[in-house]
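Report on the following structure.
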Amino acid sequence: MGGGRVIVVGAGFSGLACALALAEAGAEPLVLEARDRVGGRTLSRPLPGGGWLDLGAQWIGPTQDRMYALVAAYGLETFPSPAVGAPTRLLDGRPATGEPAGLAGLLDTLDELAAGVDPVAPWRATGAAEWDRMTLGGWLDATAGDPVTARYAGRLLAGGLLAASPDEVSLLQMLFYLRSGGGAGSLLGMAGGAQQDRIVGGPAALAQRMADALPPGRLRLGAPVEAIAQDAAGVRVRAGDEVHAGDAVVVALAPALAGRVRYDPPLPALRDGLTQRMPMGAALKVHARYPTPFWRADGRSGVATTDTGPLTETVDNSLPGLPGGVLTGFSYGAQARALRRLPDAARRAALCDALVALFGPAAAEPAELIEYDWSADPWTRGCFCGLLTPGSWCDYGPELRAPVGRVHWAGTETATRWSGYLEGAVTAGERAAAEVLD
Ligand SMILES: Cc1cc2nc3c(=O)[nH]c(=O)nc-3n(C[C@H](O)[C@H](O)[C@H](O)COP(=O)(O)OP(=O)(O)OC[C@H]3O[C@@H](n4cnc5c(N)ncnc54)[C@H](O)[C@@H]3O)c2cc1C
């Protein structure tokens, strides 16, 4: 395609990586972004005494090679997640020293099953049809041996990895995700795993630098794409009052949002069906800011997990060298939705109660509780990512990346490695660029 003009919809990590790869190859990308900022599911908020909070994505870890390369290329640095102190665990409402006895065996079994799933075509796995119609929750109930282990594993896996409840996702969706992210140890781990490092300034700072590196005039903010038309001559992409013509378009959006754009001619039935069957997950990420990281004085790491209550897990998000302490809690799926239904004051009280259950009375009154509702944001509508509903991987999976004429698909959901993550967003954007250039 050489000097062809390519419209890229969305300036998240996927759209930005795609546009940079296109520009590098001599094509003319034009990125249309709905919001007045780049970065999509990443967002930083400055803290009063210096530093920042990552309201969206925050971690990168080993084997996320493109992300580490981008951090270095754009002159940013990483720092490790804190690794001192003991984790806190509540099982069945009581403090526990270790994880449920059966958990390690369950994770091994899942990894063994995931080894038989090709992340490029999960629907081809032997057993795919059976795994796709079975929910992760059903499989855990039948396999875990006891209800506490099943509940704990369900919250950790469906919640911590997919931001869903165990009954919302199929076993095949879970196996795909495990395989795509290098296995349970890689996905769940802090040091040596996906939560190993953070980026100084947050991933949002990296997104801004990537945007700044685009050739001048190649990014339009405040340009929500409403319609995409294609014919033998090319594509026409409408954003507000403007229509942009090009040779091809890369839609770098989660399928749920890509399905809200109008296409002419209309999308083939199976592709549209995919967008109807890939809702976004539901996570509530809340930062509790304290005058000090008080939990460290008790030898606690701030990392907590529990099988009961609205929060599934917490981490210590205090910044090195800066005063104050930050505990960040996560609630997922049904628990996150239940919290969202509460009036603000009641939700905040429930969140503080959950922190007290884990860390004692010192957690009762944070200086500030900071949340961002990604599900209410019209340009994200949920997180961490889109998830195919039970039964849909086998029926609709092949449509995930298949171009429709001049329309190509990017976004982290289309990645085969680290799908759902920043790394997957970047590699998917670069894959789509290569596809268009081909
Ligand atoms: C709370 C939270 C925590 C997370 N934690 C991590 C983590 O620690 N590590 C990690 O790797 N990943 C994490 N993730 C996931 C990660 O953020 C995503 O995988 C990644 O950012 C997806 O990038 P993307 O470019 O595919 O999509 P997006 O970031 O969603 O980008 C899509 C862009 O398209 C724009 N857009 C939408 N509709 C239109 C339209 N019609 N026209 C024009 N533009 C449009 C949006 O505004 C957005 O900028 C987290 C996500 C959240 C929300």
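Please treat every number below as a calculation from the coordinates, not as lab data. On a predicted model such as this, the values are computed, not experimentally measured, just so you know. When we count neighbours, we look across all protein chains shown, and the Cβ atoms used for this are built from the backbone with ideal geometry, even at glycine.
Near the amide H of residue 223, within less than 5 Å, lie the amide hydrogens of 33, 34, 35, all on another chain or at least 5 residues away, with H placed in the peptide plane.
Here the gap between residue 438 and residue 344, fully extended at 0.36 nm per residue and compared with their Cα-Cα distance, gives a gain of 28.8 nm. Once backbone amide H atoms are built at 1.01 Å from N, residue 135 has 171 as its partners under 5 Å, excluding neighbours fewer than 5 places away on the same chain. Of the peptides 48-57, 23-32, 153-162, the order by per-residue mean of other Cβ atoms within 10 Å, starting with the highest, comes out as 153-162, 23-32, 48-57. Taken over the stretch 233-313, the convex hull of the Cα atoms encloses 199 Å³ per residue. Helical runs (DSSP H, four residues minimum) scored at -39500 (n - 2.57) apiece and divided by the length of the chain put the mean residue ellipticity at 222 nm at -9000 deg cm²/dmol. For residue 9, neighbours were defined as the other residues whose beta-carbon sits under 12 Å from its Cβ, and their charges (Lys and Arg +1, Asp and Glu -1) total +1. The distance between label points at residue 104 and residue 45 comes to 4.0 nm (points 7 Å beyond Cα on the Cα→Cβ vector). Sorted fewest first by neighbouring Cβ atoms within 10 angstrom, 176, 330 come out as 330, 176.
Cα centroids of the stretch 401-430 and the stretch 112-185: 21 Å apart. Within a Cβ distance under 14 Å of residue 394, other residues only, what is the Lys/Arg minus Asp/Glu net charge? Cβ neighbours under 14 Å give a net charge of -2.
At full extension, residue 69 and residue 226 could sit 53.1 nm farther apart than now, given 0.36 nm per residue minus the alpha carbon distance.
The Cα atoms of the stretch 23-141 give a gyration tensor whose axes a ≥ b ≥ c have a/c of 1.5 or more with a/b no greater than b/c, which makes the shape oblate. Given 121, 9, 160, which one lies farthest toward the positive end of the charge dipole of the chain, if we put +1 on the Cβ of every Lys and Arg and -1 on the Cβ of every Asp and Glu? The residue sitting most towards the positive pole is 9.
Between beta-carbons, use under 14 Å as the cut-off and find the net charge around residue 32, counting Lys and Arg +1, Asp and Glu -1. Neighbour charge sum, excluding residue 32 itself: +1.
Arranged from fewest to most other beta-carbon atoms within 10 Å of their beta carbon, 290, 332 become 290, 332.
Phi angles of the stretch 53-58 translate, via the Karplus equation with coefficients 6.51, -1.76, 1.60 and θ = phi - 60°, into HN-Hα couplings of 10, 8, 7, x, 4, 9 Hz per residue; Gly and Pro are given as x. For the stretch 100-187, the Cα-based Rg and Dmax, in that order, read 11.7, 34 Å. Near residue 8, the amide H atoms lying under 5 Å from its own belong to 30, 31, 32, 250; only residues 5 or more places off or on other chains count, and H is placed 1.01 Å from N.
Of the DSSP H helices in the chain, those that are both long (alpha-carbon extent of 15 Å or more along the helix axis) and hydrophobic (Kyte-Doolittle mean at least 0.0) are 13-24, 103-114, 344-359, 422-437.
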